[in-house]
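Down below is the structure, laid out as structure tokens.
The values are calculated or read from the model by the stated rules, or taken from the named source; none is laboratory data. Not measured: the values here are computed from a predicted model. Because the Cβ atoms are built from the backbone with ideal geometry, glycine has one as well, and the counts that use them run over all protein chains shown.
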Amino acid sequence: MANAMETSRRRRVTDRLITFGPLVCLVVWLLVSTGAATAAEPDAEVLDIGSRRELMIDHFLVDRMVGRASHRLHHPQRREIAIVHDASWEGNGGNYHTVFYDKDFRGGRYRMYYHAWHIPSDGNQSHPLYIAYAESKDGVHWEKPNLGLFEHNGSKQNSIVLATINGQQGHDLSVFKDPNPRVVKGEEYKAVGYGSGPAGLYAFKSPDGLRWTPYNDGKPVMTGHAFDTQNIAFWDPNIGKYRSYIRDFNGKIRGIKMATSDDFVHWGKRTWLEYPGAPVAQLYTNQIRPYYRAPHLLIGFPARYVDRGWSDATRRLPSLKQRKQRSRTSSRYGSAVTDSLLMTSRDGLTFHRWNETFLRPGLRTRHNWAYGDNYLAWHVVETDSTEDDSPRELSLYATESYFTGKTSRLRRYVMRIDGFASVFAPREGGELITRPFRFRGDSLAINMATSTAGSIRVEIQDSRGRPIPGFTLAESAEIFGDALDYPVQWKEQSNVSRLAGKTIRLRFVIHDADLFSLKFSAEPAP
């Protein structure tokens, strides 16, 4: 039927051209037949980003790069020790941290949850594994409040929020404040954690994030997987469901599975994550969550486990004495090392995982080269900068001194907002040309940084790459400096509303500069 309609259309075109010369008829016929006269790209190839923020963290917007332009990964910068796990109910096994900002709790607090235990060199626990709690007004200075909820060494003066899961010691507890618009009163805080009695993943609810009760009559909501890491769950507004990311083994490879749920209790099929183009890696944690400034984008910081074996290089790593002591329990406890990677997804299953390490152990004496170090907390939070008049920044927290001495600790790291990765070009220059897309808004702002001699210029093109008058490269105002939301202008004008809803491309011409993100807004750019 479709072929018959197309034949009829071509006949009508031919009949109307009968009065034209043969050469014109031939040219027009070829245009109609091949579709070359069509001005717009097929709808299936046109992205619609609306007014959402897009980070240069993957290849989603990239059609091509020209010259010296390329993606580059940025790395967290080390800051102060946030917290030392030196209380009697803590120890050298502090790990699996969750950190988030709660604007409704005590006038606004950063809240932290983690498992607390101590493992002497003989491998035996000196006390049960607890889930402990800390909080902060600024994300920099932390305190462990006396909650009076559970007894340890004959006293309830401690920060323990969970001592057992179904009568057995808990393994991890990943807490989030539920933004589900249909959340039940008294269940505003939710969490999942692994318990061993019976073995499985348990789900919890709380009205305040401190007092927890289990769902499902105290029975696991998932079974049949390893779960021996920090398992997480959260509400994903993109699909209107809860997602859970759990630990399992794919043969001998440590990996991550995902499941979804409508009610936080009944979970569907568990599916392995995929990482096209990335090498096989042993992944412990996953730390996946929607990025708060671009919730359609899921960002994860999986901890990578590498057993380097006992070689001369292994023996040259810090704390050889403690390393040998740990290896008496299991050889890999002394020879394995861990760091953290960066990965991101738009569907929750297929992830772009950077091959380059996101958080290296670094040049340290003894705190960052043990099995269990460099695990990043779940997830990033925005904090004030501690340096002069710098703008707000992202704080990340990573484990140190794990399984080494008498205590472990958590260090704060910082990054610029949206600053995980960028499109960069050196002084010689390069270009980023985007795929065709549509947007909503009146103005365009970019997160960027240049050198004093660097610059960025922006051209708006139609779907076929032709400069649009009024928004050409020659009319683009030169951008230089360092800003989180820099307004893009062309000959003193920044209003792009007449192009909203149309198919366009952006062309960025970059010299010694980084482009981190872009966003079209309904209001004029600042």
| message | For region 481-492, check the following and say yes or no: at least one residue is surrounded by fewer than 17 Cβ atoms within 10 Å (Cβ to Cβ) and at pLDDT below 95. | response | yes
| field | residue 451 vs. criteria more than 19 Å from residue 434 (Cα to Cα) and outside any helix (DSSP H, G or I) | value | yes
| message | Which of the numbered conditions does residue 166 fail, given that it passes all the others? Conditions: (1) more than 22 Å from residue 247 (Cα to Cα); (2) surrounded by 15 or more Cβ atoms within 10 Å (Cβ to Cβ). | response | (1)
| query | If we keep just the residues of region 356-393 that are outside any strand (DSSP E or B) and of a type in the set (Asp, Glu), which is farthest from residue 484 (Cα to Cα)? | reply | 373
| Residue list for region 394-415, filter: under 18 Å from residue 336 (Cα atoms) and either of a type in the set (Gly, Ala, Ser) or not in a loop (DSSP other than H, G, I, E, B) (or both) | 398, 399, 400, 401, 405, 408
| Could you say which residue among 507, 457, 498 is assigned to a helix (DSSP H, G or I) and basic (Lys, Arg)? | 498
| Would it be correct to say that residue 340 is free of Cβ contacts under 8 Å to residues at least 60 places away in the same chain, over 18 Å from residue 230 (Cα atoms) and small (Gly, Ala, Ser)? | no
| note | The lone condition residue 433 fails out of (1) within 25 Å of the chain's Cα centre (by Cα); (2) over 25 Å from residue 390 (Cα atoms); (3) part of a loop (DSSP other than H, G, I, E, B) is (3)
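Listed here are the residues, each with its yes/no results for (1) buried (at least 16 other Cβ atoms within 10 Å of the Cβ); (2) charged (D, E, K, R); (3) in a loop (DSSP other than H, G, I, E, B).
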| position | (1), (2), (3) |
| --- | --- |
| 112 | yes, no, no |
| 115 | yes, no, no |
| 119 | yes, no, yes |
| 126 | no, no, yes |
| 131 | yes, no, no |
| 134 | yes, no, no |
| 139 | yes, no, yes |
| 146 | no, no, yes |
| 150 | yes, no, yes |
| Does residue 407 satisfy the condition of being crowded, with 19+ Cβ neighbours inside 10 Å and either of a type in the set (Ser, Thr, Tyr) or more than 20 Å from the chain's Cα centre (by Cα) (or both)? | no
| In the set 345, 340, which member is modelled with pLDDT of 95 or more, among the polar types (S, T, N, Q) and farther than 10 Å from residue 301 by Cα? | 345
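Select from region 99-110 the residues that are of a type outside the set (A, V, I, L, M) and surrounded by 15 or more Cβ atoms within 10 Å (Cβ to Cβ) and write down the one among them that is nearest to residue 330 (Cα to Cα).
First, the residues of region 99-110 that are of a type outside the set (A, V, I, L, M): 100-110.
After this cut, where a residue has to be surrounded by 15 or more Cβ atoms within 10 Å (Cβ to Cβ) as well, the list is 100-102, 105, 109-110.
Numbers: 100: 35, 101: 38, 102: 40, 105: 43, 109: 40, 110: 37 Å.
So, considering only residues that are of a type outside the set (A, V, I, L, M) and surrounded by 15 or more Cβ atoms within 10 Å (Cβ to Cβ), the one nearest to residue 330 (Cα to Cα) is 100.
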| query | For region 75-98, what are the residues that are surrounded by fewer than 17 Cβ atoms within 10 Å (Cβ to Cβ) and under 16 Å from the mean Cα position of the chain (by Cα)? | reply | 75
| remark: Reported set for region 78-115 where residues are hydrophobic (A, V, I, L, M, F, W, C) and in contact with a Leu (Cβ under 9 Å, 6 or more places away or on another chain) is 81, 82, 83, 84, 99, 112
| task | Check whether at least one residue in region 131-150 is closer than 17 Å to residue 375 by Cβ, of a type in the set (Val, Ile, Thr) and in contact (Cβ under 8 Å) with a residue 60 or more places away in the chain, and report yes or no. | result | yes
| said: Go through (1) crowded, with 17+ Cβ neighbours inside 10 Å; (2) in contact with a His (Cβ under 7 Å, 6 or more places away or on another chain) for residue 427 and report which single condition fails. | reply: (1)
| task | Of the numbered conditions (1) in contact (Cβ under 8 Å) with a residue 60 or more places away in the chain; (2) surrounded by fewer than 22 Cβ atoms within 10 Å (Cβ to Cβ), residue 158 fails exactly one; give the number of that condition. | result | (2)
| request: Look at region 450-480 and say how many of its residues are of a type in the set (A, V, I, L, M), within 26 Å of residue 391 (Cβ to Cβ) and surrounded by 14 or more Cβ atoms within 10 Å (Cβ to Cβ). | output: 4
| task | Could you please find all residues in region 185-208 being closer than 20 Å to residue 102 by Cα and exposed (fewer than 15 other Cβ atoms within 10 Å of the Cβ)? | result | 185, 186, 207, 208
| Quick one: residue 445 ticks every box in (1) surrounded by fewer than 21 Cβ atoms within 10 Å (Cβ to Cβ); (2) in the same structural domain as residue 510 (by TED's automatic domain parsing); (3) in contact with a strand residue (DSSP E or B) (Cβ under 7 Å, 6 or more places away or on another chain) bar one, so which box is it? | (1)
| task | Could you please find all residues in region 310-324 being basic (Lys, Arg) and free of Cβ contacts under 8 Å to residues at least 24 places away in the same chain? | result | 315, 316, 321, 324
| Unique residue being closer than 30 Å to residue 507 by Cβ, touching a residue at least 24 places away in the same chain (Cβ under 8 Å) and in contact with a His (Cβ under 7 Å, 6 or more places away or on another chain) when the list is 422, 408, 443 | 422
| query | Quick check, is residue 174 hydroxyl-bearing (Ser, Thr, Tyr) and more than 20 Å from residue 215 (Cα to Cα)? | reply | no
| request: Only one of these is within 22 Å of the chain's Cα centre (by Cα), modelled with pLDDT under 95 and crowded, with 21+ Cβ neighbours inside 10 Å: 334, 372. Name it. | output: 372
| Looking at residue 525, is it modelled with pLDDT under 95, surrounded by 18 or more Cβ atoms within 10 Å (Cβ to Cβ) and either in a loop (DSSP other than H, G, I, E, B) or among the aliphatic types (A, V, I, L, M) (or both)? | yes
